[in-house]
Every structure is written in structure tokens, then in C-alpha cells.
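What follows is a single structure, written as C-alpha cells, with notes after it.
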Amino acid sequence: MNHPFEPLNPPPRRLMGPGPVDVDPRVLQAMSLPLLGQFDPRFTGYMNDVMALYRQVFRTANRWTLLVDGTARAGIEAVLVSVLEPGDRVLVPVFGRFGHLLCEIARRCRAEVVTIETEWGTVFDPQRIEDAVKRHRPKLVAVVQGDTSTTMAQPLDAVGRICREHGALVYVDATASVAGMALETDAWQLDAVSAGLQKCLSGPPGVAPVTFNDRVEAVVRSRRHVEQGIRPDDYEAAAGRIIQSNYFDLSMLMDYWSESRLNHHTEATSMLYAARECARIVIDEGLENRFERHALASRAMTAGLCAMDLALFGDQAHKMPNVTGVHIPDGVPGDAVRAALLEDFGLEIGTSFGPLHGRIWRIGTMGYGCRRDNVMTCLAALEVTLRRFGHASAPGAGVDAALATWDT
Ligand SMILES: Cc1ncc(COP(=O)(O)O)c(C=O)c1O
């Protein structure tokens, strides 16, 4: 019989955009292992491993450190919909597209959203956040750590303390920054943090590691409603308002991930294997070594770009180490350059959104893709391609500068 579809055969690529990036082969291997039933003791043991491993990744002692199935925004949505009730006030410091995403999700929870904004390419002085917290008295401050849309990283070490002093909870979207730069969930007093696999954790998109402390647990437990058909004999609904989403109800996810193993969804087995292997790789390398590797790649990449007479985007003192924004030179067609890089070198770099669209490219050096060979190949390919599109720089200057930086 004639079959109209060819077998999958994706072309080899170097994924150097803002994510997803190349998956570590160890993770791909883990994903190909046989499935287990979700109550098989071996599998529930793997669930417990995941909780223990991500406590290390998030640097927390939080009991509730688990996976939400879905891409990174599933983690965001689970936290926001489980914490926020209609009418609750949430403060979002917006410094890029993903701050707007937090607002959008919070509004769908029918929360009252208050924002402070700063120009894309800059971050907030913590004092501005404190002033806004004092003024608006939110129940929750929701903030992105590293916003890939602008390549900026918001300093967070003071934000947890500020929120605690003023009686607010703080939630952090660390999707793009976790395992690529310092994130101290407990030391910085962050109440809830969520992530995704497809950036510095070197996995595929599809699950969102989430951690939250007892302050968030108390809010979530006050809204606990177990779905009919699986209620335990001693079940009593909590007094608080039911959480609007079933899939993202953290109280039911807590039941599922605790010893009671009260059934919720069918855990995404292969994604759990992936998440477990991603964390094992991070722990094997060591978080500090990993941060240093990302910082080194960032220094080499930026040195190379500057040597090619390209201008870096944004406040360099607050640049994320795993993604670099660079201005598209005047007269150079940004999308045509990206297409040529893909066609001629199999190399992907990122476009940009909103006010930055057509103005900057974003180049990722994340996780498994954060390597010397990737930095050098990208710079060499960009130099040749840019020359064809009218931006000539001294031959080899970018790679020379990056190699010199890498080796010092
Ligand atoms: C900071 C940040 N938050 C959230 C997301 C959304 O993640 P996802 O597309 O996996 O839902 C991204 C994706 O790029 C991100 O960079």
C-alpha cells in the first residue's frame, strides 16, 4: 500500500535561538525508555527522585517541588490560577514580553493586575518594585527572572525580602534562567518559582518544574476541592473558592505527588524521564560550574560580535548570560540573514517580538548548546552571511576575539 507520508527525518540543526535549544543526547536516550504504569513503585520512585533533584536545581528545601505537565506557561498558569482569586491584586513588573504574559494569565484568573513598566532592554531598580508594593499592597508580585524577549535578567535577591516585609507573596518565572544563572529560591525568599525544560536544562518543551513553599501551600490548601469519583472517605472540601482550572489545580497535584498518590492526570511518563535526566545532568556538572560556563560563553559571544562591528542590545550589566541580543545593522534584512544561516549552515538564531521586531536578533548559548564550538561556528557563519548582505567586518575578527576571550 502506498503511504503518503515519509518517515520523520528532521535536518541536523544547531539551535541557537532563545529556545528551544538542542537537547542533550542523554535526555533523548532517557525518553526512549519503556513506559511504566503511573502507580508502579519504580515509577513513583522516579517521581520522588524528580522532587529531590529539582530541590537541588531550584536550591530549595520546599517539599512541593514537582512537575506540571505542559510547556513552561503551564507552570506559570498552575501557580497563578491556584493562588489568585477573582479580585485579588497582583503586581507585575514588566520588562519584556513575558511580563505581559504574566499579566495576561493573571487577568484570565480575573485578578486585578497592576503593572510597572520599564523600557525593553532595561530592568527595575528594586527600590521601584518596593515603592510599587507599598503603594498597591498586592497579594502577589509576579515577576520574570530572565526575559528572553529582551535578553535582560531582573536582579531578584532583594525582591523576596521586600515582598515579605509588605505581606505579599512573590512568584518568579525562571523558565529561561534556571540552571543558567544564579537562582536562590530559599535564600532570596521566593515563594513560588516555575521553569521549563527547553532552555538551560537542555530538554524538550513539555513539562514545567515548579516549586512553592508553605506560604503558597497554605493558600492552595485553603482552596482544596477533590474531584468527584476519587474523593477519599475522610474528604472535606476546603472553605475557600474552588480553583478555576482542574488540570492546573496545585492542590490536586499535591495529592498526586504525595504519598497518598490520589490520582489526577496520567503523568507524562517520557517527559518525566526527560526532566529527571535533565536535572541529573545539571547536578553532575554542578550548578556553579554551569553558571560559569554560561557566563564564559556570553563573554566570548559578545566579544566576537563587537569585533564584527555589531552593537549589543540592552543594558549589558543586566544581560542574561545564556542569550545575547544584537542590533541588526542598518540596511541589513534581518529575516533574510536568519534564513541564510539556516539554509547554508543549519544554524538557527532568533528573531524578536513587539517593539524589538526587525531591530535585534537573539542568539542563545544555553545548556547543552552552550559550547565553545557553537559560539565559534555561529560567529563564523554570521560573519560570512553578513558580508553577503552588505555588512563587512575584518575577516576572522569575530572568531579571533571570541577564542581569545574563551582562552583567557
Ligand atoms: C521567560 C519565559 N517565560 C515563559 C515562556 C513560555 O514558555 P512556553 O513556550 O514553554 O510555554 C518563555 C518561552 O520562551 C520564556 O522565555
So how compact is region 285-332: Cα radius of gyration and Dmax in angstrom?
-> 12.4, 44
Under the Karplus relation with 6.51, -1.76 and 1.60 and θ = phi - 60°, whole-Hz ³J(HN,Hα) for region 196-205, x at Gly and Pro, equal x, 8, 7, 10, 6, 8, 6, x, x, x
Quick calc: nm separation of the 7 Å Cα→Cβ label points for Ala311 and Glu343 -> 2.9 nm
For region 314-364, Rg(Cα) over 2.2 N^0.38 Å is 1.17
Listing Lys139, Lys319, Lys199 by rising number of other beta-carbon atoms within 10 angstrom, fewest first, gives Lys139, Lys319, Lys199
Under a 5 Å amide H to amide H cut-off, with H placed in plane at 1.01 Å, what residues pair with Leu347 once short-range neighbours are removed?
-> Arg14, Leu342
Taking region 68-177 as the region of interest, what is the percent of Cα-Cα pairs per 10 angstrom bin, listed from the shortest bin to the one with the maximum distance?
-> 16, 51, 31, 2
If N is the residue count of the chain, its Cα Rg over 2.2 N^0.38 Å rounds to 1.02
With θ set to phi - 60° and the Karplus curve 6.51 cos²θ - 1.76 cosθ + 1.60, what are the ³J(HN,Hα) couplings of region 167-183 in order, to the nearest whole Hz, using x for Gly and Pro?
-> x, 9, 8, 10, 10, 10, 8, 10, 3, 9, 10, 4, 6, x, 8, 4, 8
Remind me, relative contact order of the chain in percent, using alpha carbon pairs under 8 angstrom and six or more residues apart?
-> 22 percent
Once the dipole of region 25-283 is set up with Lys and Arg at +1 and Asp and Glu at -1 on Cβ about the Cα centre, which of Ser177, Gln244, Val216 lies farthest towards its positive end?
-> Ser177
In region 217-256, which trypsin sites (Lys or Arg not before Pro) are in a loop and have at most 13 other Cβ atoms within 10 Å, using DSSP for the loop call?
-> Arg241
Exposure proxy ranking, count of Cβ atoms within 10 Å, fewest first, for Ser149, Ser32, Ser251 = Ser32, Ser251, Ser149
Counting DSSP beta bridges with both ends in the chain, the antiparallel % (nearest 5) | 50 percent
Put in order of increasing Cβ neighbours within 10 Å, starting from the fewest, Asp186, Asp173 give Asp186, Asp173
Based on alpha-carbon positions alone, could you give the equivalent ellipsoid semi-axes of region 138-277 from the gyration tensor, as √(5λ), descending, whole Å?
-> 28, 21, 11
√(5λ) per eigenvalue of the Cα gyration tensor, region 286-407, largest first, Å = 22, 16, 13
With +1 on each Lys and Arg Cβ and -1 on each Asp and Glu Cβ, how big is the dipole of the chain about its Cα centre, in debye rounded to the nearest 20?
-> 380 debye
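Throughout, read-outs are computed from the coordinates displayed, never taken from laboratory work. Just so you know, these numbers come straight off a predicted model, no measurement behind them. A quick note on method: Cβ atoms are made from the backbone with ideal geometry, for glycine too, and the neighbour counts reach across all protein chains shown.
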